[in-house]
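Structure record follows, encoded as structure tokens.
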Amino acid sequence: MSPDDYALTFACYNQVDYTRQCVESLVKHGIPLSRVVAVDNGSTDGTVSYLQSLPVGARIFNKKNMSCGVAWNQGAWALQAEWTIIMNNDVIVSAGWVENLIAAAQSLDVKVISPALIEGALDYDFESFSTQTASSMANVHRFGARHAVCLAVHESVWFEVEYFRSAPRLLGYEDTLFFHELDKAGVRCAITGASWLHHFGSITQTAMKRERGLSMNANLPYRYNYRLLHQPWWQRKWNKFQRKQRERQWRNDELQRYGMTLHGVRSAGDFEWL
């Protein structure tokens, strides 16, 4: 696969240390920074200076926090490719993760695909873990699933579904709306065990809650954003019930066959499988 086949973009809002770790892991595993678009949403720490020092494909500096949807769209437009990888800036990537991710999408004939995840503290050997699991779990997939920590989107999706909803007040609800449109359009999606990331865990969202004086259990997005789905309450409840049922089935099947799942959380120095 040629690097010209894909472009990566991530949004930043402060948290420069996590952005640095993310970029260093990209470089370590052979991702050309010329294929990366970094979008800053009005950071006030050292993020802007750090991004200016990088030989990335493009840098976009917003004066204010325009939210993820705006930033993701800006990144996708700035460097267009057959596959656009939208990712968080608080992740660590693994060897071969892009190649494995896109190869799985092509093999499975899906247009949106996400890698498997471990979330939480980086208190384990992720390099060794990801190498082993990308091999042993390469043929494990959750069809119909996806997540906004990282997703590779085929260019055809932009024409069929359009881009992310660009409204600063959404503050993290953009992925829900985008996934809703994918389902309506019948776009095939999956999470694959052929590619793994470590995600430190909603670092930016947590910081934004602190800025606004919100508790960690509070919702950052506007509480009535669900109205944008144009669904009655019973339909939302039913969809959530079905999603939880599928997640439980995936978890049980994967644990029974492999002793682990495609979504883990580090807790007290051990893995909790979801």
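The values are calculated or read from the model by the stated rules, or taken from the named source; none is laboratory data. In this text, all values refer to a predicted model and were calculated from it rather than measured experimentally. Here the Cβ positions follow ideal geometry from the backbone for every residue, glycine too, while neighbour counts run over all protein chains shown. Surface areas here come from the heavy atoms of the whole protein model, side chains and all, with no ligands, DNA or RNA. Shrake-Rupley method; radii C 1.70, N 1.55, O 1.52, S 1.80 Å.
The one condition from (1) within 24 Å of residue 122 (Cβ to Cβ); (2) at pLDDT 85 or above; (3) aliphatic (A, V, I, L, M); (4) assigned to a helix (DSSP H, G or I) that residue 177 does not meet is (1).
Scanning segment 40-71 for residues that are open to solvent by 20 Å² or more (accessible area, probe 1.4 Å) and in a helix (DSSP H, G or I) gives 48, 49, 50, 52, 68, 70.
Just checking, how many residues over segment 17-39 are open to solvent by 20 Å² or more (accessible area, probe 1.4 Å) and in a helix (DSSP H, G or I)? First the steps, then the outcome.
Quick first cut of segment 17-39, residues open to solvent by 20 Å² or more (accessible area, probe 1.4 Å) only: 17-18, 20-21, 24, 27-30, 32-35.
When the remaining residues are screened for being in a helix (DSSP H, G or I), the result is 17-18, 20-21, 24, 27-28, 33-35.
Within segment 17-39, residues that are open to solvent by 20 Å² or more (accessible area, probe 1.4 Å) and in a helix (DSSP H, G or I) number 10.
Residues in segment 113-139 that are part of a loop (DSSP other than H, G, I, E, B) and open to solvent by 10 Å² or more (accessible area, probe 1.4 Å): 120, 121, 122, 123, 124, 125, 138, 139. Among residues of segment 241-255 that are modelled with pLDDT under 95, none has a beta-carbon under 6 Å from a residue that is outside any helix (DSSP H, G or I) at least six positions away or on a different chain. Could you check segment 75-118 and list, in sequence order, the residues that are more than 17 Å from residue 190 (Cβ to Cβ), charged (D, E, K, R) and more than 12 Å from the chain's Cα centre (by Cα)? Across segment 75-118, the qualifying residue is only 82. Number of residues in segment 145-196 that are under 23 Å from residue 4 (Cα atoms) and without any contact (Cβ under 8 Å) to a residue 12 or more places away in the chain equals 1. When residue 76 is tested against the conditions (1) open to solvent by 30 Å² or more (accessible area, probe 1.4 Å); (2) under 25 Å from residue 179 (Cβ atoms); (3) touching a residue at least 40 places away in the same chain (Cβ under 8 Å), the lone failure is (1). Considering (1) of a type outside the set (Gly, Ala, Ser); (2) assigned to a loop (DSSP other than H, G, I, E, B); (3) open to solvent by 30 Å² or more (accessible area, probe 1.4 Å); (4) touching a strand residue (DSSP E or B) at 6+ places or on another chain (Cβ under 9 Å), say which one residue 110 fails and leave the rest. In the conditions (1) of a type outside the set (Gly, Ala, Ser); (2) assigned to a loop (DSSP other than H, G, I, E, B); (3) open to solvent by 30 Å² or more (accessible area, probe 1.4 Å); (4) touching a strand residue (DSSP E or B) at 6+ places or on another chain (Cβ under 9 Å), residue 110 misses (3) alone.
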